[in-house]
1. Determine whether region A:203-216 contains at least one residue that is surrounded by 22 or more Cβ atoms within 10 Å (Cβ to Cβ), in a loop (DSSP other than H, G, I, E, B), within 9 Å of another protein chain (Cβ to nearest Cβ) and at pLDDT below 90.
2. Within region B:280-314, count every residue that is at the interface with chain A (Cβ under 8 Å from one of its Cβ atoms) and surrounded by 18 or more Cβ atoms within 10 Å (Cβ to Cβ).
3. B:LEU381 passes all but one of (1) modelled with pLDDT under 90; (2) within 23 Å of B:ASP144 (Cα to Cα); (3) not in a loop (DSSP other than H, G, I, E, B); which number fails?
4. Yes or no: region A:217-229 includes at least one residue that is free of Cβ contacts under 8 Å to residues at least 12 places away in the same chain, at the interface with chain C (Cβ under 9 Å from one of its Cβ atoms) and of a type in the set (D, E, K, R).
5. What's the number of the only condition in (1) outside the structural domain of A:ASP109 (by TED's automatic domain parsing); (2) touching a Lys or Arg at 6+ places or on another chain (Cβ under 7 Å); (3) part of a helix (DSSP H, G or I) that A:GLY158 fails to meet?
6. Please verify whether A:PRO168 is at pLDDT 90 or above, more than 9 Å from chain C (Cβ to nearest Cβ) and out of contact with any Leu (no Cβ under 9 Å at 6 or more places or on another chain), treating the condition exactly as stated.
7. Hey, B:LYS152 hits all of (1) surrounded by 22 or more Cβ atoms within 10 Å (Cβ to Cβ); (2) modelled with pLDDT of 80 or more but one; which does it fall short on?
Amino acid sequence: MTEPILSVRNLKKHYPIKSGLLNRKVGATKAVDGISFDVHPGETVGLVGESGCGKSTAATSIIRLEDATDGEVIFNGGNRASETRREDGAHPNDVTEFNKRELKQFRRDAQMIFQDPSSSFNPRMTVGSAVAELLLVHGMDDKPRRRAIVEDLLERVGLSAEDYDRYPHEFSGGQKQRIGLARALVLNPDFIVADEPVSALDVSIKAEILSLINDLQEKYGMSMLFISHDMSVISKVCDRVAVMYLGEIVEIGDVDEIFENPQHPYTEALLSAIPTPDPRSRNEGIELKGTVPSPTNPPSGCRFHTRCHRVIQPPDMEFEQESWRAILNFRDRVAQEAIDLESIRENALGSQDSGSGVTDQAIKSQIRSEFGIPERIEEPTAETAVEEALDALVNEDTDSAREHLMSTFETPCETSKPEQIEHEPGHRSACHLNTSKGKTVELTPGDD
Amino acid sequence: MATEQPDTFDEVNWESVRSSSGIVNLALKTKLMLITTLPLLALWLYDRVAVGQREKTFVQLGKDLGLSGPFETLGLTWNPAGLDYIFIFTIFLFAFYMILPLYENPRMTRYYWKEFKRNRPAVVSLVWLAFVFVVGIIGPLFIDKPEPDILKSFQPPVYATVDTANIVQCVGEASGGTCQGTWQHPLGTTGSGRDVLAFMVHGTTITMKIAFITTLIVALIGISVGTISAYSGGWVDETLMRMTDIVLAFPTLIFFLMITYIYGASLGLFIVIFATFAWGGAARYIRSKALSVAEEEFIDATRISGASRYRVVRRHIVPNTASSIITNLTLLVPGFLLAEAQLSFLGLGDAGLLSWGQLIASGRSSLEYAPWIILAPGFILFFTILAFNFLGDALLDALNPEAESEAEK
Amino acid sequence: MSVNDNLLEVKNLTTEFRTDNGMLTAVDAVDFSIGEGETVCIVGESGSGKTVATESITGLVKEPPGKVSGTVELEGKDLQSMNKKELRQVRGDNIAHIFQNPQEAMNHCYSIGWQITEALQVHQDVPDDEARKRGIDLLERVGLANASARFDDYPHELSGGQKQRAMIAMALVGNPDLLIADEPTTALDVTVQAQILKLLNELQEDYGMSILFVTHDLGVVAEIADRVVVMYAGKVMERGDVFDIFEEPSHPYTQALMECIPDKGRETDGIPGTLPNPYNTPDGCRFAPRCDHANEDCTIGDQPEEIEIERNHEVSCVYYQSGYDSSVVRDSELESDSSSTEMGATDD
């Protein structure tokens, strides 16, 4: 295999949380928590996930707009090919260790396209000079030459040379994104990070820009890291895709592979969230409930288990998958002490219609119905545990309710971290469901 | 564009691109600024070192250069003081860093103008201020300083009359106990016999000095402190902002009165004290604006281009914050003008100064029979301050290209 | 879903703006209607006038510089002839509006609960504790987890999707007959978009309200619409039942929009060209300059009359007029239709 242009190894970006008078560090927001992947020359790798999963932070850490907390980003583009590790184990091409001079050189070989076309240009600078600024910064003093290069480039991205002297506010969003492409291209980089470049655009313009990106990549052969929350966009431009959830990569593989044969439930959910242009197949997808949990205190084990629709059941019990999910949600809510008895009582009152107080039974069934737990769970041990927990709750004894639930219900997903499993060459996922399906892989640090 | 090197981005051989640093690369405005400021600095040094206290600078310069003759025929007998040098410097700054960029970027200028001219009162204000500016700069070259002449005291303006009982001598026609105004003194004279019009023309220069120099000082300190504070963060930010708090809480007026009590009043002192304690608001404003600009994606885009921190701040953050401070400053200037007038009126200014405030003050005791001494400068002062306020308001709307693009969506 | 008498009748709606560069016609003589319990989607690119059209209905267009003409009838009452007070009443009780950017549509100085109860108490005389209870109920109804605790949160403490949910709760306060949703999911993640669309579908069933949904994304339309109005440059290009539109898109513009839905294995370049200059719209069909099938007849006269090609499916295209061969346009439609079924297969 050829040398990858970019190898990310165990990259971490933690933001310290400080508090108190002395600004003591009390914790960390683990926005990116140990991701590893490669980008090969001429390839586009997608990084996909919901907002808050850390994909943008990963991008800015890779391109070194922010300093990574830990890990390596080895960039072999430009004329850095075939470097080997030094004796102390450090790699000469590690972006996170670049000094000022090396970093400036790196900027020439790696560029970025930004998300918001309306704020990614200085409103007081003509777009031409904004693009030409990169040439100037890298030492091209010849003003007519700068202008000639930029005018030529503007035409190549579908604008006209006269647009050089116009200001950002005179362009539409799609046109600005074309200029953003020109700016990323003007130094002729080997690698471009595109951070949600089309998510702020109309569908018709989205399609235009995506096909422009494809054309340009074909023509100039650069590699790309393409970040998006939208699987349908990923499918249009990417060769491979890495699915990120809460700072970790849960699945990575060829786009075709991932679309046809998603191995991680999160990937499945993302795929099914793509609106299908078919009015007859409505509401058939998997609905991903809630939002990404806080990366400050991520769930134990598999981080997706709090929202997973295929969360594994305890070995000795058997449920409808839906009720199992409901019980787990109920358990987590009790554990957070976030059950508001008062409002439940009122709701129960509302559904009961009798003015004479609410019976404990009514409250209990109200709780069951609010969480979607069936009135009778088939599994007897589970039923007893839930009933006992409900009794405790009604008596405002949250501690013992929690105890009942925690001791009875436990999913393997939360106890251990899933290993990376290889399904096909290059297609890996990290899910307990797949443990039996393939062999675990260990990424060697920086295989050159 | 005939260059031997290829003019497409993908064929640039970066190894051969070498930066030729030096004076050639400086922007036109920087070059012009250097060309004009260096002689000014030289002249100032010459004035300090070689010219005696009582000598007029240009007379001495003529002698030293052996050009007394031509200098005399040209009437070059000007004797600039410290404040004049600073004033000329600010005029250069204004011309090269405000007017020249507008000329160089006609597209943006047209756009600003289009936005600006929607506001009719502001356009009138701009015309008025331009007039005041021109009079302040060239007026004193054509109109001599009004000298006191006790025989000509309280002459009425043209078409007006005054009771002869109040005057020593009537320059115009006196009939039936009233003295007619003449074109010799179109706006009349003061109690000490100074021509009001000439007084006002020279007062305009003072007004311009106050406006320009205070603006320079406030902008310079405010932008520096605000930007450094925003970009450095940490203890630098903390220190600078606490300093700003002190400046904002400082009792400037009392301080000024104290200093005046010790050293006597002068225009220089007024400008320096009031301006050095007025930048607090501007600094805070710049800081918060700079913080929000630093969040914008184009700052990241510039950082990723490989630009130095200095370039990011100088070319991207400052221009985007400084334009919004223009409004702040245009609203600050009227305060200074009013303060000068008020202090003068209360007799706390430099009585020898030919400012509008002093003119108003000099009419204080004779309001009954010579109201023109107060009315003429009073109106001018009022309209000038009003104009600054209108202008500030309109600039706030016009200098914001984002607002428009949003509205177009 | 049974469609009785129309809840909202919009006839000949025209909205113009006086600008520095002359009169700009954003919406040009547009008609449409919404039945009770029905979801109508207005779809088109940015700048096609779809947002202005909805804002004109509830009098949100600022006049001047705007100028709205035509008739808008809600349950037979003409909104245009109402005075400000009556209009405010209607805006609160009968029509609610949700917007693209929940951040901007919310007041950041007050908790979401405060904003909901305020909206409630403006229109109905309810005591504070009753208002609070109903506010919490509503937040629960829109699926905001842990609603009673969330009630006192400020907008900045919520995520984008949660804010949009809270916005919907606020819109539901007056139990509206019509909910106008202006690109409510465009600023959200796909996963959250799916949640919100599902929620709107559920709420519609529970409350029996009508929804006027504005979007540029046909994928979203397929998820939620009963009927579709395709707008381009201030004019209606095509309208019809959602199944007709997706299975038989008949106007070249609708077909082009269909092509834009990103999907695996299909190469699309978007729609070449840009919207016409709104100050000087072209003669004939507004889409003609970007249309693959345009002939000379497409560039003369006014926008072609809408022709009913089947029941409740109307197209404004010269090829469907008598004397033209509509298969020219239909054929390319067949092509895209087959590819759309194909990709339906790959999706499952």
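The values are calculated or read from the model by the stated rules, or taken from the named source; none is laboratory data. Note that the structure is predicted; figures quoted are calculated from it, not measured. Quick reminder, even Gly has a Cβ in these numbers, built from the backbone with ideal geometry, and neighbours come from all protein chains shown.
1. Checked region A:203-216: no residue is surrounded by 22 or more Cβ atoms within 10 Å (Cβ to Cβ), in a loop (DSSP other than H, G, I, E, B), within 9 Å of another protein chain (Cβ to nearest Cβ) and at pLDDT below 90.
2. 11
3. The failed condition is (1).
4. The initial filter retains those residues of region A:217-229 that are free of Cβ contacts under 8 Å to residues at least 12 places away in the same chain, namely A:218-219.
In the following step, the residues that additionally are at the interface with chain C (Cβ under 9 Å from one of its Cβ atoms) were identified as none.
No, region A:217-229 has no match at all.
5. Unmet for A:GLY158, out of (1) outside the structural domain of A:ASP109 (by TED's automatic domain parsing); (2) touching a Lys or Arg at 6+ places or on another chain (Cβ under 7 Å); (3) part of a helix (DSSP H, G or I): (3).
6. Details: at pLDDT 90 or above: no; more than 9 Å from chain C (Cβ to nearest Cβ): yes; out of contact with any Leu (no Cβ under 9 Å at 6 or more places or on another chain): yes.
No.
7. With respect to (1) surrounded by 22 or more Cβ atoms within 10 Å (Cβ to Cβ); (2) modelled with pLDDT of 80 or more, B:LYS152 is out only on (2).
A quick yes/no check of all residues on (1) touching a strand residue (DSSP E or B) at 6+ places or on another chain (Cβ under 6 Å); (2) within 14 Å of another protein chain (Cβ to nearest Cβ); (3) among the aromatic types (Phe, Trp, Tyr):
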| position | (1), (2), (3) |
| --- | --- |
| A:SER19 | yes, no, no |
| A:LYS25 | yes, no, no |
| A:LYS30 | yes, no, no |
| A:GLY46 | yes, yes, no |
| A:VAL73 | yes, no, no |
| A:GLY89 | no, no, no |
| A:ASP94 | yes, no, no |
| A:PHE98 | no, yes, yes |
